[in-house]
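Quick notes on the structure that follows.
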Amino acid sequence: MPVEHATIYDVASRAGVSISTVSHTLNRPQRVNAATRQRVLEAIDELGYVPKATAMAHARKAVGRVGVLAPFSSYESYARRLKGILGEAQGDDSEIVLYDQESAASATSPLLSSLPVTRRLDGLLIMGLPVDDVLAERLLTQNLPTVLIDSARPELDSITIDDEAAGQLVGRHLSEHGRRTFAYVSESQRSNAYLSQGQLRRAGLRRAVTEAGLDSESVRVVQTTADIEGGREALRAMVIDGILPEAIFAHQDVLAAGLLTECNQQGIRVPEDVAIVGFDDSELAQALAITTVRQPLEESGRLGFRQLREAIRGAHGAARHVTLGVDLVARATT
C-alpha cells in the first residue's frame, strides 16, 4: 500500500538496498543490474514514493517538460518524426527532452523503466520501442500522460502504421512483377517479448506470397546490422550461400542502399537479376531511385505531440489509436 510522505529511506528499506542504489535507479539506471533495479522500482510503486526535487513539478499548468524517447542514433526515420514533434510544439512554451535508445530491436530499456517514477516529465512520447505490461502499468499508476508512436498498447494512446499491410503491399508488387523467391533483411531482434514492426512486415510479405499461389517458405529471413555495411554483408552472405532470391525487401532504406551497392560491386543486375525494396522513402532512397514504402513520418510526430498535449491538459479520456496510411513508391530497383 502507498505510504504517506514516503522517503528514499523507506524505498531503500523496502527494496533491501542502499539509498545510493535508489538514487542510481532514478538517475543512472544503466548502472544498476536488472534484478536490483526491478526491486527498487517495485518498492517505489508500492510506496507511492515521489522524489523530493520533483514533488512541486505538477504545479505547472502549461504543457511543460515533454520527454521523447526513441532509437535516434540507429534509425534516421525517428529524426524525421522528431521534426514533426518540434513543429507541432512551436508556440507551446514547452521543453522537449530527448532520450536515445540504441536500438528498437532491444527489450525495454533501463531508462524507460525508471522515467515514470522520476516525476521529471509532464508527458512522454515513446517512439518505436516496446512497452511491456509492467511499464504500461507504471505509466498509468504514475499518471504520466504517454503517447506511443510506431508501437502500440491498448491502454495507451498510439500513432502507428499497419506494418503487416505494408509488407503485403510490397509482396503483391513483387509477385505481380513475376518474382518467386524472396528475402527479408533486417536487424536481428534481441527480445521475443513483443511483436516488432519487422515481424509484422514479414507476415504481410508472406501473406501476399501465399495469395500469389507461392509457398510462404520462399521468404528467407536474413539478419544483419542496421546500416549500409549491414546491407552489403547480407547480400554477400546470400551470394556465398548460393541462394540469392529474385527479390529482397529491406526493413529500411539504408539497408536497401547497402544491398544495391553490393549488387553493383558484384555485377548483379538490379532489377533484372534481383529486385530491391526499402522502407521509409528517405532522401537516400530518392537519390538512388530505390523502390520503397513511404510512411508519413513527420505527420506521425505532429499527431503524437498533439494527442499528448490534449492528454496533459486533460482534454480526453479513453486511449485513442490512430493508424496512418502508407504508399508504395515504385522506382528503378523493381
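The values are calculated or read from the model by the stated rules, or taken from the named source; none is laboratory data. Just so you know, these numbers come straight off a predicted model, no measurement behind them. Cβ sites come from the backbone with ideal geometry, for glycine too, and all protein chains shown count toward neighbours. Ligands, DNA and RNA are stripped out before the accessible areas are found, and what is left, the full protein with its side chains, is counted by its heavy atoms. Shrake-Rupley method; radii C 1.70, N 1.55, O 1.52, S 1.80 Å.
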Quiz item: Of all the residues that make up the stretch 114-151, how many are in contact with a Gly (Cβ under 7 Å, 6 or more places away or on another chain), open to solvent by less than 10 Å² (accessible area, probe 1.4 Å) and part of a loop (DSSP other than H, G, I, E, B)?
Solution: 1
Practice problem: Mind listing just one residue for me: the one in the stretch 207-245 that is touching a residue at least 40 places away in the same chain (Cβ under 8 Å) and open to solvent by less than 60 Å² (accessible area, probe 1.4 Å) and, of those, nearest to Q197 (Cα to Cα)? | Solution: A226
Self-check item: Odd one out for Q286, checked against (1) of a type in the set (S, T, N, Q); (2) under 20 Å from the mean Cα position of the chain (by Cα); (3) exposed (fewer than 15 other Cβ atoms within 10 Å of the Cβ)
Solution: (2)
Exercise. Quick one: count up the residues across the stretch 1-58 that are modelled with pLDDT under 80, hydrophobic (A, V, I, L, M, F, W, C) and out of contact with any helix residue (DSSP H, G or I) (no Cβ under 8 Å at 6 or more places or on another chain).
Key: 5
Quiz prompt | Failed item in (1) over 12 Å from the mean Cα position of the chain (by Cα); (2) open to solvent by less than 10 Å² (accessible area, probe 1.4 Å); (3) at pLDDT 90 or above; (4) among the aliphatic types (A, V, I, L, M), with L86 passing the rest | solution = (2)
Quiz item: When you scan the stretch 68-79, how many residues do you find that are in contact with a strand residue (DSSP E or B) (Cβ under 8 Å, 6 or more places away or on another chain) and either assigned to a helix (DSSP H, G or I) or basic (K, R) (or both)?
Solution: 3
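Under 19 Å from S77 (Cα atoms), of a type in the set (F, W, Y) and either touching a residue at least 12 places away in the same chain (Cβ under 8 Å) or out of contact with any Leu (no Cβ under 6 Å at 6 or more places or on another chain) (or both), is that true of F182?
Values: under 19 Å from S77 (Cα atoms): no; of a type in the set (F, W, Y): yes; either touching a residue at least 12 places away in the same chain (Cβ under 8 Å) or out of contact with any Leu (no Cβ under 6 Å at 6 or more places or on another chain) (or both): yes.
The answer is no for F182.
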Quiz item: Which one of A247, A332, A256, A237 is modelled with pLDDT of 95 or more, under 22 Å from Y78 (Cα atoms) and of a type outside the set (F, W, Y)?
Solution: A256
Exercise. Please go through the stretch 212-245 and pick out each residue that is within 22 Å of L169 (Cα to Cα), in a helix (DSSP H, G or I) and not small (G, A, S).
Key: E217
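Which one is most open to solvent (accessible area, probe 1.4 Å) among residues in the stretch 157-174 that are of a type in the set (A, V, I, L, M) and in a helix (DSSP H, G or I)?
So in the stretch 157-174, the residues of a type in the set (A, V, I, L, M) come out as 159, 161, 165-166, 169-170, 174.
In the following step, the residues that additionally are in a helix (DSSP H, G or I) were identified as 165-166, 169-170, 174.
On the way: A165: 44, A166: 0, L169: 65, V170: 0, L174: 2 Å².
Applying the filter and picking the extreme gives L169.
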Practice problem: Name, by its number, the condition in (1) within 22 Å of L112 (Cα to Cα); (2) assigned to a helix (DSSP H, G or I) that does not hold for V17. | Solution: (2)
Practice problem: Name, by its number, the condition in (1) open to solvent by 10 Å² or more (accessible area, probe 1.4 Å); (2) part of a helix (DSSP H, G or I); (3) among the hydrophobic types (A, V, I, L, M, F, W, C); (4) at pLDDT 95 or above that does not hold for C263. | Solution: (1)
Exercise. Tell me, yes or no, whether the stretch 175-193 has at least one residue that is surrounded by fewer than 23 Cβ atoms within 10 Å (Cβ to Cβ) and assigned to a helix (DSSP H, G or I).
Key: yes
Exercise. Please verify whether the stretch 246-255 includes one or more residues that are assigned to a loop (DSSP other than H, G, I, E, B), open to solvent by 60 Å² or more (accessible area, probe 1.4 Å) and not aliphatic (A, V, I, L, M).
Key: yes
